Amino acid sequence: MVINRPKAGAGRKRFFKSIPYKGAALAHGIARFHPFCNGNKRTAHAAAEMFFELNGFCLVMDNEEIVPYLLKIVDHEWELPDVTNFYAAHLITAKEFQEREYDKIKWINETTPEGVHNKKRRKIFKTPPPKKRR
């Protein structure tokens, strides 16, 4: 079964030792062995991304990078070590990701003039006063 591939081993020895290697084994297995009639590449990417998140990592990549690497797996251009290297280059810890997002929010708050957020919010969420009954 493809879903158990990251846990594979013989005795006490594990075949896939690092987190990027295990995630690559999962994505490679789903994309290459086609367990579904449709949606294998999407499922492979989603499963790998969820695997990394459950293990405390975030997969940071542009949307334009997703399809080409999956096609390389399916077309037998990339084997498991290639996928592992790709994931290792695009993984960061969840804490690093959180700090990046915090820095973005901090920058937005520092560069935006005071009160702009509140004015926009009032325009969007302001409800008209209730009509008086006669």
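Taking the conditions exactly as written (hydrophobic (A, V, I, L, M, F, W, C), at pLDDT 75 or above and in contact with a Cys (Cβ under 6 Å, 6 or more places away or on another chain)), does PHE97 satisfy them or not?
yes
Taking only segment 28-40 into account, find how many residues are at pLDDT 90 or above and in a helix (DSSP H, G or I).
The number of residues fulfilling the criteria is 6.
Does PRO6 meet the test of being part of a helix (DSSP H, G or I), surrounded by 13 or more Cβ atoms within 10 Å (Cβ to Cβ) and in contact with a strand residue (DSSP E or B) (Cβ under 8 Å, 6 or more places away or on another chain)?
no
Which residues, taken from segment 9-27, are part of a helix (DSSP H, G or I) and over 17 Å from LEU71 (Cβ atoms)?
If the condition is that a residue be part of a helix (DSSP H, G or I) and over 17 Å from LEU71 (Cβ atoms), then ILE19, PRO20, TYR21, LYS22, GLY23, ALA25, LEU26 are the ones that fit.
Name every residue in segment 33-46 that is buried (at least 18 other Cβ atoms within 10 Å of the Cβ) and within 12 Å of the chain's Cα centre (by Cα), in order of residue number.
Those that are buried (at least 18 other Cβ atoms within 10 Å of the Cβ) and within 12 Å of the chain's Cα centre (by Cα): ALA44, HIS45.
Pairs please, first residue from segment 20-34 and in contact (Cβ under 8 Å) with a residue 24 or more places away in the chain and under 9 Å from ALA44 (Cα atoms), second anywhere and charged (D, E, K, R) and in a helix (DSSP H, G or I), Cβ atoms under 8 Å, 6+ apart in sequence or on different chains.
As it stands, the answer is LEU26/ARG5; GLY29/ARG5; ALA31/LYS41, since those pairs meet every condition given.
Could you tell me which residue of segment 72-94 is modelled with the lowest pLDDT, considering only residues that are within 12 Å of the chain's Cα centre (by Cα) and assigned to a helix (DSSP H, G or I)?
The qualifying residue modelled with the lowest pLDDT is ALA94.
Every residue in segment 35-57 that is over 22 Å from HIS76 (Cβ atoms) and in contact (Cβ under 8 Å) with a residue 24 or more places away in the chain, please.
PHE51, PHE52, GLU53, ASN55, GLY56, PHE57 - these are the residues of segment 35-57 that are over 22 Å from HIS76 (Cβ atoms) and in contact (Cβ under 8 Å) with a residue 24 or more places away in the chain.
Out of all the residues in segment 41-71, which are part of a helix (DSSP H, G or I) and among the acidic types (Asp, Glu)?
GLU49, GLU53, GLU64, GLU65
The values are calculated or read from the model by the stated rules, or taken from the named source; none is laboratory data. Since this is a predicted model, take the numbers as computed values, not measurements. Glycine also receives a Cβ, built like all others from the backbone with ideal geometry; neighbour counts cover every protein chain displayed.
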